[in-house]
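The values are calculated or read from the model by the stated rules, or taken from the named source; none is laboratory data. These numbers were taken from a predicted model, which means no experiment stands behind them. Glycine also receives a Cβ, built like all others from the backbone with ideal geometry; neighbour counts cover every protein chain displayed.
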Amino acid sequence: MSLAPDIAWTRHHREAGFTLVELLVAITLLGLLSMILMGSLRFGLQAWERGMIHSDHVGNGIPAQQFLRRVIEDAYPFFSANDPTRGRVDFAGSADSLSFLAPAPIALGGGGRSRLTLSVRRHDGRADLVVRAEPELGGGETSAPSRSRLIADADSVELAYFGKGRSDRAAVWHEQWTDQIALPQLVRVRVRFPPGDSRAWPDLVVPPRIAADVGCTYDPFSKHCRGR
């Protein structure tokens, strides 16, 4: 009696399948890989969600910064010389307010040059930055002022101005810029948010673009603009 066929059948059977131990090891490894992949996927989703939330908070400040940059860059240096001995540019700034002339943005109705007023409104320990636009020339239905809130519930909002004032020997930062003969060289808008607030606001520093002395009436005797 020959055992060759039985040995060949047994060898073929072993090569065709898995043992129980091999199957258990494969299932265990598959389970471990699944756990690792699920953990990585969960971590990636959480990181993506946190990134989107941070991006949304940062993105909320981008339109406000773009708006402020545009209107401050376009500030119009209208010079008023009602007093011939002490004229001044139409630009009044303090740490929590700023008033000047500039072309009104479309978002605030457009319609030519307007008086823009930025003001810090405080409430419940928080600060809002509000902008108000009023047409320079009143009259008509479109002359009603418009108002919009640019920043809400900040911890603090501060305005500052860099330039050489009437009594300065060199340009420095000022908390006030009023009764001056020219626009400041730079305007800074600094915003701080409460602890835990993920919004970000890098200091916005804007140079007014119109440096020409649009109100100058040259006096050939003094070789200066009249009233300055």
| said: Against the condition in contact with a Gly (Cβ under 7 Å, 6 or more places away or on another chain) and either modelled with pLDDT of 60 or more or loosely packed, with under 11 Cβ neighbours inside 10 Å (or both), how does Phe91 come out, does it pass? | reply: no
| Of the criteria (1) surrounded by fewer than 16 Cβ atoms within 10 Å (Cβ to Cβ); (2) at pLDDT below 90; (3) among the charged types (D, E, K, R); (4) under 21 Å from the mean Cα position of the chain (by Cα), which one Arg192 fails | (2)
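Kindly indicate whether Leu129 is at pLDDT 90 or above, within 19 Å of Ala182 (Cβ to Cβ), touching a helix residue (DSSP H, G or I) at 6+ places or on another chain (Cβ under 9 Å) and not aromatic (Phe, Trp, Tyr). Before the answer, list the steps.
Working: at pLDDT 90 or above: yes; within 19 Å of Ala182 (Cβ to Cβ): no; touching a helix residue (DSSP H, G or I) at 6+ places or on another chain (Cβ under 9 Å): yes; not aromatic (Phe, Trp, Tyr): yes.
Taking the combined requirement at face value, the residue does not satisfy it.
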| query | Looking at segment 200-212, is at least one residue in contact with a strand residue (DSSP E or B) (Cβ under 9 Å, 6 or more places away or on another chain), more than 15 Å from Gly61 (Cα to Cα), at pLDDT 90 or above and surrounded by fewer than 13 Cβ atoms within 10 Å (Cβ to Cβ)? | reply | no
| task | State all residues of segment 101-120 that are within 21 Å of Gln185 (Cβ to Cβ) and at pLDDT below 95; if no residue qualifies, say none. | result | Leu101, Ala102, Pro103, Leu116
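Residues in segment 46-65: is at least one among the basic types (Lys, Arg) and either surrounded by 12 or more Cβ atoms within 10 Å (Cβ to Cβ) or at pLDDT 85 or above (or both)?
Filtering segment 46-65 for residues among the basic types (Lys, Arg) gives 50.
Filter again for either surrounded by 12 or more Cβ atoms within 10 Å (Cβ to Cβ) or at pLDDT 85 or above (or both), leaving none.
Looking for residues that are among the basic types (Lys, Arg) and either surrounded by 12 or more Cβ atoms within 10 Å (Cβ to Cβ) or at pLDDT 85 or above (or both), one finds none in segment 46-65, hence no.
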| task | Mind listing just one residue for me: the one in segment 166-186 that is loosely packed, with under 13 Cβ neighbours inside 10 Å and not hydrophobic (A, V, I, L, M, F, W, C) and, of those, nearest to Asp74 (Cα to Cα)? | result | Glu175
